[in-house]
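One structure is given here, and the rest of the page talks about it.
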Amino acid sequence: MTLISNESVFDEEFIPQMLIKRKKQIDQITSYLKPITLGHKAPNLLLHGSPGTGKTVTGKFILKKFSRKVRTCYINCSIHRSLHSVLDYMVSQLRVLGGFQQSVNAKLKALEKHLSQPMVIMLDEIDWPSPKDRDIILYNFLKFPTVSLMLICASRYSVLEMDKRVISRLNLLPVEFPPYSEDDLFRILRQRAKLGLSPGAWDEDLIRKVVGMTDSDVRVAIKTLYNAAVTAETMKSEKILPEHINKGLVRAKELERKYKIEKLGVYPKMIYRIVDKVGLISSSNLFKECLKRCRELNIPPMPRRSYFYHINNLLRDKLIEAEDYGERYFKVRR
Ligand SMILES: Nc1ncnc2c1ncn2[C@@H]1O[C@H](COP(=O)(O)OP(=O)(O)OP(=O)(O)O)[C@@H](O)[C@H]1O
Ligand SMILES: [Mg+2]
């Protein structure tokens, strides 16, 4: 019995033809980038929002639309973290002759013909390269007046860490991606079910159940639905039943936790690791431990302001939780 009619619908790479609840962002970005289709310079954009708010899928959706008229390039900066690696990737994507040469300057020269024409470059996960590498990447693209950059990161705060001259020359227009409501998630998941599962394999109650069980996390919800379908198929069931959800849910949650931890920057990962090791730790002791760790690693001490900022993000992303005993104590959220 095949319950899954199209596996690719459940891939992270999949781009639906219609995005739920993102019309405002799509219209905004499309109108900001419109000048580029007329051969003019368009502004640089910053798409920001918590994990799983659809920044990557919306950015790719827009690139697909614009690629009919202008050149576009998607670069994942969590993989390509230096100018050299970014240019290497662009050379291969755009099939640029002469780009095989080793030096950054030779690569830039080989890419010049493309970069001197209207082009949209999406730099996803721009908060991954070190601040220095990030400045170098951006600074070099800023030399090309008809290139528009679409930067993607979890928070606007990352931008504040950039070199002041780069920030002012980028002149970024922010586009916010607010979290989805439970109803939005229901619609996103129902869309996946319609596209990827056989008609008799699911019903709306099942979708509602998956959304309710996954803590409003869209990635976990999509993976859980897929895992449940695989379990149901293995058990030769004619449709996906609530009992097929549980096993897949645990696996999806573990994967998502790993993914989120993997994605953390140096300081938040340090905070998470300390909390994980100690078990339960007060906020003041945690901050002291962080400073000690910075000294051991020989990296700049974590500023107090960014400590609170990272704590709030870890709480928001449900990686840690707080308990109040007069002072705030933290532990890893299981
Ligand atoms: N509005 C939407 N309509 C349909 N599918 C969506 C929508 N938003 C997100 N998704 C799906 O949810 C998953 C997560 O979305 P996406 O990767 O775009 O999030 P993100 O904001 O880039 O997260 P991160 O900050 O972790 O990179 C993807 O599989 C994506 O296709
Ligand atoms: Mg993303």
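Identify the residue in segment 61-73 that is surrounded by fewer than 17 Cβ atoms within 10 Å (Cβ to Cβ) and within 16 Å of ligand 1 (Cβ to nearest atom) and, among all such residues, is farthest from Asp124 (Cα to Cα).
It comes out as Lys65.
Can you say whether Ala228 is of a type in the set (Gly, Ala, Ser), under 22 Å from the mean Cα position of the chain (by Cα) and closer than 30 Å to Gly200 by Cβ, as far as the supplied structure shows?
Values: of a type in the set (Gly, Ala, Ser): yes; under 22 Å from the mean Cα position of the chain (by Cα): no; closer than 30 Å to Gly200 by Cβ: yes.
Against the criterion (of a type in the set (Gly, Ala, Ser), under 22 Å from the mean Cα position of the chain (by Cα) and closer than 30 Å to Gly200 by Cβ), Ala228 does not qualify.
Consider Ser78 carefully, then state whether it is at pLDDT below 95 and either among the small types (Gly, Ala, Ser) or over 18 Å from Leu170 (Cα atoms) (or both). Walk me through how you get there before you give the answer.
Numbers: at pLDDT below 95: yes; either among the small types (Gly, Ala, Ser) or over 18 Å from Leu170 (Cα atoms) (or both): yes.
For Ser78, the condition - at pLDDT below 95 and either among the small types (Gly, Ala, Ser) or over 18 Å from Leu170 (Cα atoms) (or both) - is met.
Would you check if Glu256 is at pLDDT below 90 and part of a helix (DSSP H, G or I)?
On the way: at pLDDT below 90: yes; part of a helix (DSSP H, G or I): yes.
For Glu256, the condition - at pLDDT below 90 and part of a helix (DSSP H, G or I) - is met.
Going residue by residue through segment 53-60, is there one that turns out to be away from ligand 2 (no atom under 16 Å from the Cβ) and either surrounded by 15 or more Cβ atoms within 10 Å (Cβ to Cβ) or touching a residue at least 60 places away in the same chain (Cβ under 8 Å) (or both)? I'd like the intermediate steps shown before the answer.
Within segment 53-60, the first condition is being away from ligand 2 (no atom under 16 Å from the Cβ), and the residues that meet it are none.
The answer is no, given that none of the residues of segment 53-60 is away from ligand 2 (no atom under 16 Å from the Cβ) and either surrounded by 15 or more Cβ atoms within 10 Å (Cβ to Cβ) or touching a residue at least 60 places away in the same chain (Cβ under 8 Å) (or both).
For segment 172-230, name all the residues that are within 16 Å of ligand 2 (Cβ to nearest atom) and among the hydroxyl-bearing types (Ser, Thr, Tyr).
Tyr180
Using beta carbons and a limit of 6 Å, which pairs, at least six apart or on different chains, have the first residue in segment 267-286 and farther than 26 Å from Glu161 by Cβ and the second one outside any helix (DSSP H, G or I) and among the basic types (Lys, Arg)?
From segment 267-286, the pairs are Leu280/Lys331.
Those residues that are in contact with a strand residue (DSSP E or B) (Cβ under 8 Å, 6 or more places away or on another chain), exposed (fewer than 15 other Cβ atoms within 10 Å of the Cβ) and not in a helix (DSSP H, G or I), I need them from segment 260-302; list them, please.
If the condition is that a residue be in contact with a strand residue (DSSP E or B) (Cβ under 8 Å, 6 or more places away or on another chain), exposed (fewer than 15 other Cβ atoms within 10 Å of the Cβ) and not in a helix (DSSP H, G or I), then Gly279, Leu280 are the ones that fit.
Hey, among the residues in segment 108-149 that are among the basic types (Lys, Arg) and under 19 Å from Arg169 (Cβ atoms), which one's farthest from ligand 2 (Cβ to nearest atom)?
Residues of segment 108-149 that are among the basic types (Lys, Arg), as a first pass: 109, 113, 132, 134, 143.
In the following step, the residues that additionally are under 19 Å from Arg169 (Cβ atoms) were identified as 132, 134, 143.
Working: Lys132: 23, Arg134: 16, Lys143: 27 Å.
Among residues in segment 108-149 that are among the basic types (Lys, Arg) and under 19 Å from Arg169 (Cβ atoms), the one farthest from ligand 2 (Cβ to nearest atom) is Lys143.
For segment 138-150, does any single residue satisfy the condition of being polar (S, T, N, Q) and part of a loop (DSSP other than H, G, I, E, B)?
Residues of segment 138-150 that are polar (S, T, N, Q), as a first pass: 140, 146, 148.
Narrowing the set further to residues that are part of a loop (DSSP other than H, G, I, E, B) leaves 146.
Yes, because at least one residue in segment 138-150 is polar (S, T, N, Q) and part of a loop (DSSP other than H, G, I, E, B).
Are any of the residues in segment 316-330 part of a helix (DSSP H, G or I) and modelled with pLDDT of 90 or more? Let's see the steps before the verdict.
At the first step, the residues of segment 316-330 found to be part of a helix (DSSP H, G or I) are 316.
Those left that are additionally modelled with pLDDT of 90 or more: none.
Within segment 316-330, not a single residue is part of a helix (DSSP H, G or I) and modelled with pLDDT of 90 or more.
Can you give me the number of residues within segment 9-39 that are part of a helix (DSSP H, G or I) and in contact (Cβ under 8 Å) with a residue 12 or more places away in the chain?
Keep residues of segment 9-39 that are part of a helix (DSSP H, G or I), which gives 9-10, 23-37.
In the following step, the residues that additionally are in contact (Cβ under 8 Å) with a residue 12 or more places away in the chain were identified as 9-10, 25-26, 28-30, 32-33, 36-37.
Summing the residues that are part of a helix (DSSP H, G or I) and in contact (Cβ under 8 Å) with a residue 12 or more places away in the chain in segment 9-39 gives 11.
When you scan segment 237-259, how many residues do you find that are buried (at least 17 other Cβ atoms within 10 Å of the Cβ) and either in contact with a Cys (Cβ under 8 Å, 6 or more places away or on another chain) or over 30 Å from Pro199 (Cβ atoms) (or both)?
The qualifying residues number 1.
Looking at segment 1-52, which of the residues that are of a type in the set (Lys, Arg) and touching a helix residue (DSSP H, G or I) at 6+ places or on another chain (Cβ under 6 Å) is surrounded by the most Cβ atoms within 10 Å (Cβ to Cβ)? Before the answer, list the steps.
Looking only at segment 1-52, we keep the residues that are of a type in the set (Lys, Arg), and these are 21-24, 34, 41.
Still in the list and also touching a helix residue (DSSP H, G or I) at 6+ places or on another chain (Cβ under 6 Å): 21-22.
On the way: Lys21: 17, Arg22: 21.
Among them, the one singled out is Arg22.
Quick one: Ala42 ticks every box in (1) within 13 Å of the chain's Cα centre (by Cα); (2) assigned to a loop (DSSP other than H, G, I, E, B) bar one, so which box is it?
Looking at each condition in turn, Ala42 falls short on (1).
The values are calculated or read from the model by the stated rules, or taken from the named source; none is laboratory data. Owing to the predicted nature of the structure, the values given are computational and were not obtained by experimental measurement. Using ideal geometry, Cβ is built from the backbone for each residue, glycine included, and neighbour counts are taken over all protein chains shown.
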